Amino acid sequence: MSDFIAIDGPAGSGKSSVSKAIARQRGYGLLDTGAAYRALAWHVLERGDDTDDVEAVLAAASDFDLRLGLEVDDRTVAVGGTDITAAIREPRVSAAVSGVARVPAIREQVNIFFRSLVAAAPYPAVVVEGRDITTVVAPDAPVRILLTAAPDVRAARRAGELAGENAAAVAEALHKRDASDSAVVDFLNAAEGVEVVDSSDLDFPQTIEAVLTVIDRKQGAGNGR
């Protein structure tokens, strides 16, 4: 059974790219929990339904055959036999995903799926990144980190990732998603026992180093060192 390395944080904090770099460097598995919610949002939309319709979301979840790889260099996401790795990053899915994520029954179902994936993983550890990993999915994980950054920094980073997108529109969308998602789970404040890494004034290598320092310290403490 793999250990959880739980990393929470808001959009634009760097958690996805940092988690990927750490998993590759250490030979860990990688689980992008947001991809599961995006995949379900895509599935709802493909059925011609609206993610604001809770009954439609629950109905879609009942025939949701999701496949997520944990290999750091194979981020394939599939529903049934359809590869939707690129499709789940489309703006229409990004705009719809909060409707899926705020349904308590969906979160419970998806969290069970996450735990089973990690339990069966053939890695010494799996870096699991998302919004409520440190508090709900794996509250007893040996390593729990909240990776955050100032709102303006996060907005600028997200705009930089989305070539051709209007920076102001990206910032507005990011803040709107934060507000919507934070009504369901608090991913902006660290729970007791969760280490905070603020990347506002750190570049990418410095952020990786800061997170690795926490991981090594926590794993060392767990091993009695």
Discussion item. Is it the case, given these coordinates, that Ala35 is out of contact with any Gly (no Cβ under 6 Å at 6 or more places or on another chain), of a type outside the set (Asp, Glu), closer than 15 Å to Glu129 by Cα and surrounded by 21 or more Cβ atoms within 10 Å (Cβ to Cβ)?
Written reply: yes
Response to the item:
The lone condition Ala101 fails out of (1) among the hydrophobic types (A, V, I, L, M, F, W, C); (2) touching an Asp or Glu at 6+ places or on another chain (Cβ under 7 Å); (3) more than 28 Å from Ala210 (Cβ to Cβ) is (3)
Discussion item. Exactly one condition in (1) closer than 30 Å to Gln109 by Cα; (2) part of a loop (DSSP other than H, G, I, E, B); (3) modelled with pLDDT under 70 is false for Glu165; which is it?
Written reply: (1)
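Here's the yes/no breakdown for (1) over 13 Å from the mean Cα position of the chain (by Cα); (2) modelled with pLDDT under 90; (3) crowded, with 21+ Cβ neighbours inside 10 Å; (4) assigned to a helix (DSSP H, G or I):
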| residue | (1), (2), (3), (4) |
| --- | --- |
| Ala21 | yes, no, no, yes |
| Gly48 | yes, no, no, no |
| Ala61 | yes, no, no, yes |
| Asp73 | yes, yes, no, no |
Discussion item. Being of a type outside the set (Val, Ile, Thr), modelled with pLDDT of 90 or more and closer than 27 Å to Ala105 by Cβ narrows it down to one residue among Asp178, Asp201, Asp140, Asp186; which is it?
Written reply: Asp140
Worksheet item: Just one of the numbered conditions (1) within 22 Å of Arg144 (Cβ to Cβ); (2) touching a residue at least 12 places away in the same chain (Cβ under 8 Å); (3) under 16 Å from the mean Cα position of the chain (by Cα) is not true of Glu108; which one?
Response: (2)
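Is at least one residue of the range 78-99 on the phi > 0 side of the Ramachandran plot and without any contact (Cβ under 8 Å) to a residue 24 or more places away in the chain?
Looking through the range 78-99, at least one residue is on the phi > 0 side of the Ramachandran plot and without any contact (Cβ under 8 Å) to a residue 24 or more places away in the chain.
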Item to complete: Name the single residue, out of those in the range 106-137 being of a type in the set (Asp, Glu) and in contact with a strand residue (DSSP E or B) (Cβ under 9 Å, 6 or more places away or on another chain), that is modelled with the lowest pLDDT.
Response: Asp132
Fill in: Where a residue in the range 37-58 is closer than 9 Å to Gly99 by Cβ and its partner, wherever it lies, is part of a loop (DSSP other than H, G, I, E, B) and β-branched (Val, Ile, Thr), with Cβ under 8 Å and at least six apart
Ala41/Thr51; Val44/Thr51; Val54/Val103; Val57/Thr51; Val57/Val103
Response to the item:
Restricted to the range 111-154 and to residues being crowded, with 22+ Cβ neighbours inside 10 Å and farther than 14 Å from Ile5 by Cβ, the residue nearest to the chain's Cα centre (by Cα) is Arg131
Worksheet item: Would the range 76-91 turn up any residue that is part of a helix (DSSP H, G or I), among the small types (Gly, Ala, Ser) and under 25 Å from Thr213 (Cα atoms)?
Response: no
Response to the item:
Within the range 84-102, the count of residues that are at pLDDT 90 or above, crowded, with 19+ Cβ neighbours inside 10 Å and of a type outside the set (Gly, Ala, Ser) comes to 5
Discussion item. Ile215 - would you say it is of a type outside the set (Gly, Ala, Ser), farther than 15 Å from Asp8 by Cβ and at pLDDT 90 or above?
Written reply: no
Worksheet item: List the pairs whose first member sits in the range 181-206 and is assigned to a loop (DSSP other than H, G, I, E, B), whose second member is modelled with pLDDT of 75 or more and small (Gly, Ala, Ser), and whose Cβ atoms are under 7 Å apart, counting only residues at least 6 apart or on separate chains?
Response: Val184/Ala101; Phe187/Gly9; Ser199/Ser13; Ser199/Gly14; Ser199/Ala149; Ser200/Ala149; Ser200/Ala150; Leu202/Ala210
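The values are calculated or read from the model by the stated rules, or taken from the named source; none is laboratory data. From a predicted model like this one, the values you see are computed outputs, not experimental measurements. All Cβ positions, glycine included, derive from the backbone under ideal geometry; neighbour counts span all protein chains shown.
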